[in-house]
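**Q** Have a look at this one.
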Amino acid sequence: MASIRRFKYASKRTQDFIELVGHICVESFHLLALFAIGATIVWAAAFTFIGMVDGGHASIEDVLLLFIYLELGAMVGIYFKTNHMPVRYMLYVAITALTRLLIGLVNAEHHPSDYAILIVTTGILFLSVAVVILRYGSYKFPSVGADKDDTDLVDAE
């Protein structure tokens with residue numbers, strides 16, 4: 001009987017140790033990946049900005065690209081602090097990217113078909129409606145224990 005208890009105790013301690021090592025590995029990878037993503041965003045934004053300075057001017061597309069980098073950086077920062085992925089920020093990035101594409105289509109020398117412009121604007125409309133639905137849903141049905149500003153965050157784990 002005593003040997004069975006010792007075996008169960010040793011088995012439980014081994015399992016606890018393995019879970020601890022696994023948790024440490026997952027958290028380490030998580031932090032390393034966040035730092036890598038953040039560094040990549042800063043690197044890309046810096047080279048975009050340097051390219052604008054070297055060119056002597058910035059187009060509206062360049063400015064919108066910097067806004068995309070800003071939103072991606074904010075997403076990484078929020079995820080780093082709260083371990084939650086702000087879905088609304090992803091929609092803002094998508095809206096900004098489609099707006100940048102729309103401006104590129106309109107400013108192109110060879111204008112694309114009207115359908116391309118219609119498709120992009122419809123995409124912007126759908127994403128905007130999605131933001132409104134998310135905001136309304138988070139207002140009407142707040143998460144239990146969520147802060148007022150964090151009601152539209154989705155648990156990433």
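The values are calculated or read from the model by the stated rules, or taken from the named source; none is laboratory data. Fair warning: this is a prediction, and the values are worked out from it, not measured in the lab. Every residue, glycine among them, receives a Cβ derived from its backbone with ideal geometry; neighbour counts consider all protein chains shown.
**Q** Wholly within the stretch 1-111, which helices (runs of 4 or more DSSP H) include no fewer than the required count, namely at least 2 residues that are charged (D, E, K, R) and more than 26 Å from the chain's Cα centre (by Cα)?
**A** Values: elements: 2-55, 60-82, 87-107.
Counting at least 2 such residues, we get 2-55.
**Q** Moving on to the next point. Mind listing whichever residues of the stretch 114-140 are hydrophobic (A, V, I, L, M, F, W, C) and either in contact with a Leu (Cβ under 9 Å, 6 or more places away or on another chain) or farther than 21 Å from TYR89 by Cβ (or both)? Step through it out loud before you land on a result.
**A** Narrowing the stretch 114-140 to residues hydrophobic (A, V, I, L, M, F, W, C): 116-120, 124-127, 129-134.
If the condition is that a residue be hydrophobic (A, V, I, L, M, F, W, C) and either in contact with a Leu (Cβ under 9 Å, 6 or more places away or on another chain) or farther than 21 Å from TYR89 by Cβ (or both), then ALA116, ILE117, LEU118, ILE119, VAL120, ILE124, LEU127, ALA130, VAL131, LEU134 are the ones that fit.
**Q** Residue under question is ASN83, and the condition is that it be closer than 27 Å to TYR136 by Cβ, in contact with a helix residue (DSSP H, G or I) (Cβ under 9 Å, 6 or more places away or on another chain) and either surrounded by 10 or more Cβ atoms within 10 Å (Cβ to Cβ) or at pLDDT 90 or above (or both); does it hold?
**A** On the way: closer than 27 Å to TYR136 by Cβ: yes; in contact with a helix residue (DSSP H, G or I) (Cβ under 9 Å, 6 or more places away or on another chain): yes; either surrounded by 10 or more Cβ atoms within 10 Å (Cβ to Cβ) or at pLDDT 90 or above (or both): yes.
Taking the combined requirement at face value, the residue satisfies it.
**Q** Being at pLDDT below 85 and under 20 Å from the mean Cα position of the chain (by Cα) is the requirement here; does ASP114 meet it? Quick ask: steps written out before the conclusion?
**A** Working: at pLDDT below 85: yes; under 20 Å from the mean Cα position of the chain (by Cα): no.
No.
**Q** With ILE60, ILE37, ILE4, ILE41 as the choices, which residue is of a type in the set (A, V, I, L, M) and in contact with a Leu (Cβ under 6 Å, 6 or more places away or on another chain)?
**A** Numbers: ILE60 fails: in contact with a Leu (Cβ under 6 Å, 6 or more places away or on another chain); ILE37 fails: in contact with a Leu (Cβ under 6 Å, 6 or more places away or on another chain); ILE4 fails: in contact with a Leu (Cβ under 6 Å, 6 or more places away or on another chain).
Going through ILE60, ILE37, ILE4, ILE41 in turn, just one is of a type in the set (A, V, I, L, M) and in contact with a Leu (Cβ under 6 Å, 6 or more places away or on another chain): ILE41.
**Q** Would you confirm whether or not the stretch 144-152 contains a residue that is under 21 Å from the mean Cα position of the chain (by Cα) and either modelled with pLDDT of 95 or more or not charged (D, E, K, R) (or both)?
**A** In the first step, residues of the stretch 144-152 are kept if they are under 21 Å from the mean Cα position of the chain (by Cα); the result is 146-152.
Applying the additional criterion that residues be either modelled with pLDDT of 95 or more or not charged (D, E, K, R) (or both) yields 146, 151.
Scanning the stretch 144-152, I find at least one residue that is under 21 Å from the mean Cα position of the chain (by Cα) and either modelled with pLDDT of 95 or more or not charged (D, E, K, R) (or both), so the answer is yes.
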